[in-house]
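Report on the structure given below.
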Amino acid sequence: MNFGFSEEQDLLRDQVRKFLDRNCPLDRVREIAATPEGYSPDHWKLLGELGFLGLILPEEYGGAGLGWTDLVVLLEETGRSLFPSPLLSTVLAGALLSDAGDAAQKSRWLPGLAAGTTVATVALLEADDLLAAEGVQLRAVADGSGFVLNGEKCFVVDADFADLYVVAFRSGDAPDDLGLAVIERDTPGLSVVPTPTLDRTKRVGSLRLDGVRIGSDALLGRVGSAWPAIAAHLDRGAAAVTAEAVGTIEGVLDLTVQFAKDRVQFGQPIGHFQGVKHPLAEIYVDLESLKSLTYYAAWALDESPDHVALAVSEAKAFGAQAITRAGIDAIQLHGAVGYTAEYDVQLYLKRSKWSRPLFGDEDYHYDRIARLGGY
């Protein structure tokens, strides 16, 4: 059996890397991260034109109809370059819409996501940050054929510049009495509050819902039965964040290896010293191990639903540890200059702080592995 990437996937990687190297080197990343928007609308438009945004969406709605293994290729490269964009949130929202929406809803919203004319995100978590059905406490009050929502959603990625929000809400007292609705940015009663974060290439905010009314046409699937779709979203999100982490580790390793070659101390490059070589080798071993776990999780998402939960948790648990170690060790290997804003390595450390907790940190996923019987 061939466990390598296909020729088409290798060509996709080359195309994405050329696009990012040409359009968004690290000095451009810094410029974009300093803007109020936090991403480049021009880059976003190009991503849509190149077909990257609709990679896993069905072809009948403007997508490419590819799988999660193909998406991993894209996310690795955006993670490697620290590309600032709402790609992750829009892709995950599109997958959730594709799963839970009916034909009319897919026709209404998915083409815009694929083309890059619409930005979307998922509003799931609340103040307790609980990745379970019990964590959804936003209460929906029936109002004719629709509902009225009052409450707050926290830790919403790319909330500040999304056009669509897929919002999870509670319709009853049973643990899994949950629903999903698509709410547009200009809906009366909806407001967005940005949340300051360490990594300015990744924006986060809160949604405040004050008497927001949602009609029946905005409800995804049957109200009270949304938990399976939400659970699938959590697994996909963990896999996607881990795929970006793979690229981030690769990027910081390349940067630090080059620094070790260029930095001369005691008459020779510091890369000659064991105290530098060994940590670099350990980062490389972590990277290659994480790649295997991540690729298997992506394969499971495409081909083996029964193995998804365990495979995703194994990848995310190890990835949360590996990206943290890589970020800290890279700073240490740069010495005191690594902490300064002048050097790019600190950007990767900040990305590790964003990546580690999103969709569950290592403690959450190791506990889940134990419950699933993985260890």
Scanning region 128-158 residue by residue, those modelled with pLDDT under 95 and in contact with a Ser or Thr (Cβ under 7 Å, 6 or more places away or on another chain) turn out to be A140, S145, G146
Out of contact with any helix residue (DSSP H, G or I) (no Cβ under 6 Å at 6 or more places or on another chain), of a type in the set (A, V, I, L, M, F, W, C), outside the structural domain of A218 (by TED's automatic domain parsing) and not in a helix (DSSP H, G or I): is that true of L66 in this structure?
yes
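For region 344-375, which residues satisfy the criterion of being among the hydroxyl-bearing types (S, T, Y) and at pLDDT below 95?
Filtering region 344-375 for residues among the hydroxyl-bearing types (S, T, Y) gives 348, 352, 355, 364, 366, 375.
Across region 344-375, the qualifying residue is only Y375.
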Of the residues in region 254-271, those that are part of a helix (DSSP H, G or I) and exposed (fewer than 14 other Cβ atoms within 10 Å of the Cβ) come to D254, Q258, K261, D262
Just one listed residue, out of V182, V157, V141, V166, is in contact with a helix residue (DSSP H, G or I) (Cβ under 7 Å, 6 or more places away or on another chain) and over 23 Å from D102 (Cβ atoms), and it is V157
When every residue in region 217-253 that is touching a Ser or Thr at 6+ places or on another chain (Cβ under 6 Å) and among the small types (G, A, S) is compared, the one surrounded by the fewest Cβ atoms within 10 Å (Cβ to Cβ) is G224
Item to check | Yes/no for S81 being among the hydroxyl-bearing types (S, T, Y), touching a His at 6+ places or on another chain (Cβ under 7 Å), closer than 27 Å to D361 by Cβ and at pLDDT 95 or above | outcome: no
**OP:** Report yes if S206 is polar (S, T, N, Q), surrounded by fewer than 23 Cβ atoms within 10 Å (Cβ to Cβ) and closer than 15 Å to I230 by Cα, otherwise no.
**Re:** no
- [ ] Taking G48 as the residue in question, decide whether it is within 30 Å of L349 (Cβ to Cβ) and not assigned by TED's automatic domain parsing to the domain that holds D160.
- [x] no
_For region 326-341, check the following and say yes or no: at least one residue is buried (at least 19 other Cβ atoms within 10 Å of the Cβ), farther than 28 Å from G275 by Cβ and at pLDDT 95 or above._
no
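Between A260, A281, which is of a type outside the set (D, E, K, R), without any contact (Cβ under 8 Å) to a residue 24 or more places away in the chain and more than 20 Å from L372 (Cβ to Cβ)? Explain how you work it out, then say what you get.
Details: A260 fails: without any contact (Cβ under 8 Å) to a residue 24 or more places away in the chain.
So the residue among A260, A281 that is of a type outside the set (D, E, K, R), without any contact (Cβ under 8 Å) to a residue 24 or more places away in the chain and more than 20 Å from L372 (Cβ to Cβ) is A281.
For V312, state whether it is under 21 Å from G79 (Cβ atoms) and surrounded by 13 or more Cβ atoms within 10 Å (Cβ to Cβ). Don't jump to the end; show me each part of the working.
Numbers: under 21 Å from G79 (Cβ atoms): yes; surrounded by 13 or more Cβ atoms within 10 Å (Cβ to Cβ): yes.
Answer is yes for this residue.
The values are calculated or read from the model by the stated rules, or taken from the named source; none is laboratory data. All values reported here derive from a predicted model rather than from experimental measurement. Note: ideal-geometry Cβ built from the backbone for every residue, glycine included; neighbour counts use all protein chains shown.
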